[in-house]
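Notes to accompany the following structure.
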Amino acid sequence: MINADDAHRAVAFWSAFLQLPPGEEEMGPFTFFKRHEGEGFSMAIQKSETPLSPNSAIHVDIAVADLDEAENLIIELGGRVTKKVILDGGFEYRVAEDTEGNHFCIFVEAA
């Protein structure tokens, strides 16, 4: 569940970034995304009733095919990348924020 001050903006960002269409109807303050056939996760955006505060302790990690392409898409959709990290051994990930300031990370999954 992702809380949002502007739920419509957050739905547009996450729908485009994850390539998952939003459900056809809202369920109260929730908008659920449609799953691709055979995939086993659910995600929803919830309209927050109280002001949001940044919280980096809990976030989503998303595997992407290409870090640079994913970063460009995040920026194009109104988010931002706040940090690029390369660990010993060469593993790289990037810390990003969606349009609501929610933190998440992107990385390329090892083959």
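The values are calculated or read from the model by the stated rules, or taken from the named source; none is laboratory data. Quantities reported herein were computed from a predicted structural model and do not represent experimental measurements. With ideal geometry, Cβ positions are generated from the backbone for all residues, glycine too; neighbour counts draw on all protein chains shown.
Residues in the stretch 92-109 that are in a loop (DSSP other than H, G, I, E, B) and at pLDDT below 90: GLU100, GLY101, ASN102, VAL108, GLU109. Residues that are of a type in the set (Gly, Ala, Ser) and modelled with pLDDT of 75 or more within the stretch 8-51 comprise ALA10, ALA12, SER15, ALA16, GLY23, listed in sequence order. On the given criteria, is ALA65 small (Gly, Ala, Ser), assigned to a helix (DSSP H, G or I) and at pLDDT 70 or above? Against the criterion (small (Gly, Ala, Ser), assigned to a helix (DSSP H, G or I) and at pLDDT 70 or above), ALA65 does not qualify. Of all residue pairs spaced 6 or more apart or on separate chains, those with beta-carbon atoms under 9 Å, a first member in the stretch 48-68 that is closer than 21 Å to ARG9 by Cβ and a second member that is modelled with pLDDT of 80 or more and of a type in the set (D, E, K, R) are SER48/ASP5; SER48/GLU100; PRO51/ASP5; LEU52/ASP5; LEU52/GLU100; PRO54/GLU97.
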